[in-house]
1. Here are some conditions: (1) in contact (Cβ under 8 Å) with a residue 60 or more places away in the chain; (2) more than 20 Å from the chain's Cα centre (by Cα); (3) surrounded by 15 or more Cβ atoms within 10 Å (Cβ to Cβ). K314 meets all but one. Which one does it not meet?
2. Which of the residues belonging to segment 124-143 are of a type in the set (G, A, S) and in contact with a helix residue (DSSP H, G or I) (Cβ under 8 Å, 6 or more places away or on another chain)?
3. Filter segment 160-207 down to the residues that are in contact with a His (Cβ under 9 Å, 6 or more places away or on another chain) and not charged (D, E, K, R), then identify the one that is nearest to R116 (Cα to Cα).
4. Could you check segment 246-279 and list, in sequence order, the residues that are farther than 18 Å from G225 by Cα and acidic (D, E)?
5. So A280 passes all but one of these: (1) free of Cβ contacts under 8 Å to residues at least 24 places away in the same chain; (2) closer than 25 Å to R365 by Cβ. Which condition number does it fail?
Amino acid sequence: MKQVITLILTVLFNFSIIVPLEAKADVNYSEQLTDVLKLVEKYFYDADAVSGNEWKSSVEKLQEHIDRITGPEQFALKVNSLLATLDTSHTYYFSKGNPKRYQLLGIFKSLYEQERSDLFVYEGIGVDTEQINGHTEIVSVFDGFPAQKAGLRFGDRILSVNSSEFHPINSFLGLAGEVVRVKIDRQGKKSELNVDVANIDGRTMFEKAASLSVRSFDHEGTKIGYIHLWSYAGTQYQELLRQQVLWGELSKCDALILDLRDGWGGADLNYLNLFRDPIAKTTSQARDGSTGAYSGVWEKPVALLVNERSTSGKELFAYGFKKLRIGPVVGSQTAGAVVAGRIFLLSSGDVLYLAVRDVLVDGIRLEGQGVEPDVVVDRPRASFANEDLQLQKAIEEILGIL
């Protein structure tokens, strides 16, 4: 069991197969599909699922119509429809037209040549979007990036960019350093914002966003600190958190809200030690009589924020946080995406993410189930865009503890 848990927590660093990039004048989607199928059938954790009649039937249907595919976006869509029949997280095809492809490769940055900026860098404004009921909606606005500075918010519907249909990559291609006009619908009111386009580096973007998310809320003399770890896939995020709560701006606060909503997982269960009882407490005194104390942990109240896009290691962290009763877990049920994943960089430059091991936690399968918060609060997109009902509830819970 220990080996399996370690696997999911370290998977973002240890498991990757690199298929060298090759430039091809003519795209042969039949060959690309064959490459994907070989990897799925060799590495997917459930051998029965990819050898049974249902899988074979779905594959045959796609192969029959493969010649009708006209472009990489359509190919990715068809492959993901096929992979969806496996009903497992960490199983997705990320094309070069998907920002998450660059983000994921950035998480695995140590495995690739750093000079290959085409693997990690894309032009954008610093948002994640989803297609919801036929509309493109913003589900994440990364702290410190152009979208946030321009006033874009969670729940905004993007109608167009420079009067053309929105595409998460193509709308900004070749426009880094320039300004684009982003037309949005915010609760039925249409407006247009000028937004800078930036080169976004998947290797550094989440650490930057986490650093710039740090702030505090004052309530009748009580100071509540806040930090949003958009990704927890790397020790640098834990070190950032540790530096902040022990010596930085957050150390001066009376309580803390740790936001693990959205982004990527990757957290290690050992990270919970920052919030557990200290091994020992030390005190010191200088010759001038000044004293100091150090325990190496955060000993004040803390609340954890999660939502339906808190995945993988973040869910393990939430599970442990709740089990140890460190503080209230607030938000919505986590994604239920708790298996060990592995990435494959394909000859096309696209990325296949594949579940390679099932995972149990205390004998419980969180995949497809997730972690239920202590305090369930949804964040409806119909609410006022400047309101974060989950964050507001976390503040209320903290004030109740204080």
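Where a number appears in this text, it was derived from the coordinates with a stated rule and is not lab data. Note that the coordinates shown come from a computational prediction; the quantities given were computed from them, not determined experimentally. Neighbour counts run over all protein chains shown; Cβ positions are idealised from the backbone, glycine included.
1. (2)
2. Residues satisfying the conditions are G124, G126.
3. Step by step, filter segment 160-207, then rank; the result is L173.
4. If the condition is that a residue be farther than 18 Å from G225 by Cα and acidic (D, E), then D262, D268, D277 are the ones that fit.
5. (2)
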